[in-house]
Amino acid sequence: MPRVVAPKPVASGFGRTDAPPRRGPKRPALQAVHDAIVSCELCPRLRRYCERIGREKRRAFRDETYWAKPVPGFGDPQARLLVVGLAPAAHGANRTGRVFTGDGMGGSGDFLMAALHRSGFANIPTSQHPGDGLALRDAFIAAAVRCAPPDNKPTPEEIARCLPHLEAELVALPRVSVVVALGKIGFDAYLQLLKRGGVSARPRPRFDHGGAHQLPNGQTLFGCYHPSRQNTNTGKLTARMMDDVFTKVREVLDPGCRDPFAENAIAVGRIRNEHVAETAKGSRHR
Ligand code: SF4
């Protein structure tokens, strides 16, 4: 683990796990942050690409209306776990408007959600479309870049330009204490974001799968291989490897939890029951 240096003061409380509880109008509501993301036009190359993909479409989705706008994060506003991906997939989140959603059977969204489900952070093991009933508990998923990039490769300038959106979401998520970065680009982007807020770990953490890094702001940063098909189809990333990461996450969030997966199964059941109750309540009001 890197040596931990004393935290510098951060004016907004950003990234600090000892940030004061959310109160009053100063902390931006998550919805306002999301509205700002969706209307962002700062990267002409990416905006043009997303809109073109939305017009041309993939044959399988030709009857659908693509989202084709920047994609905000998704999850529990009280989350202690933040998962940071790279960017929306052209025919996945750029189509559905929800991060890690709709990139096909066995795609990265399903792979990630299955792991989050097994570890009790998600109520269902798939992520197929915004109306699928997926709910996250204690977890929030976002991306370093909010517009789908050509070839899944945003430029360094585009990453830097987009980071304020992740920063704004973090300010609106005051309980986050563990971050799982999916892939080296997301990992480095998160460190870049912290550095901009005056938080630097020395020596600089290096990305490795399953590695845990204690950050000066009190957060724990985990590296995890990105669940891209390229990684999951070749066995570079297996379900077991992803479970190992989320088991460690549970140990940090809930120390003393002897069998996190068994206890999380109870939590998942609770989420499912609440979802069923919510759905029943909704149908009564219709
Ligand atoms: S990538 Fe980010 S900064 Fe660039 S246009 Fe999309 S939302 Fe805005």
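Would you list R98, R206 from fewest to most Cβ contacts within 10 Å?
In order of increasing Cβ crowding within 10 Å: R206, R98.
Please express the Cα-Cα pair-distance distribution P(r) of the range 30-285 as a list of whole percents, one per 10 Å bin, running from 0 to the bin with the greatest distance.
With a bin width of 10 Å, the distribution comes to 7, 31, 38, 20, 4, 0.
Expected output is a single nm value to one decimal: the length gained when fully extending between M105 and S39, i.e. 0.36 nm times separation in residues minus the C-alpha distance. What is it?
20.8 nm
According to a simple spin-label model (label point 7 Å from Cα along Cα-to-Cβ), what is the distance in nm between R62 and R202?
Placing both labels 7 Å beyond Cα along the Cβ direction yields 6.0 nm.
Please state the charge dipole magnitude for the range 30-285, taken about the Cα centre, from unit charges on C-beta atoms (+1 on K and R, -1 on D and E), reported in debye and rounded to the nearest 20. Kindly include the intermediate steps, with their values, before the conclusion.
Details: 35 positive and 26 negative charges, 100 e Å.
It comes to approximately 480 debye.
Using 29 Å as the Cα-Cα cut-off, could you pick out the over-long pairs in K69/K248; K69/K236; K184/K248?
Pairs exceeding the cut-off: K69/K248; K69/K236.
Give me R95, R204 sorted ascending by neighbouring Cβ count inside 10 Å, so fewest comes first.
R204, R95
Within 10 Å of each residue's Cβ, count the other Cβ atoms and sort H226, H34 from fewest upward.
H34, H226
Values quoted throughout were computed directly from the atomic coordinates according to the rules given, and no laboratory measurement underlies them. Predicted model, so just to flag it, every value in this text is computed and none were measured. Cβ: placed from backbone, ideal geometry, glycine included. Neighbour counts: every protein chain shown.
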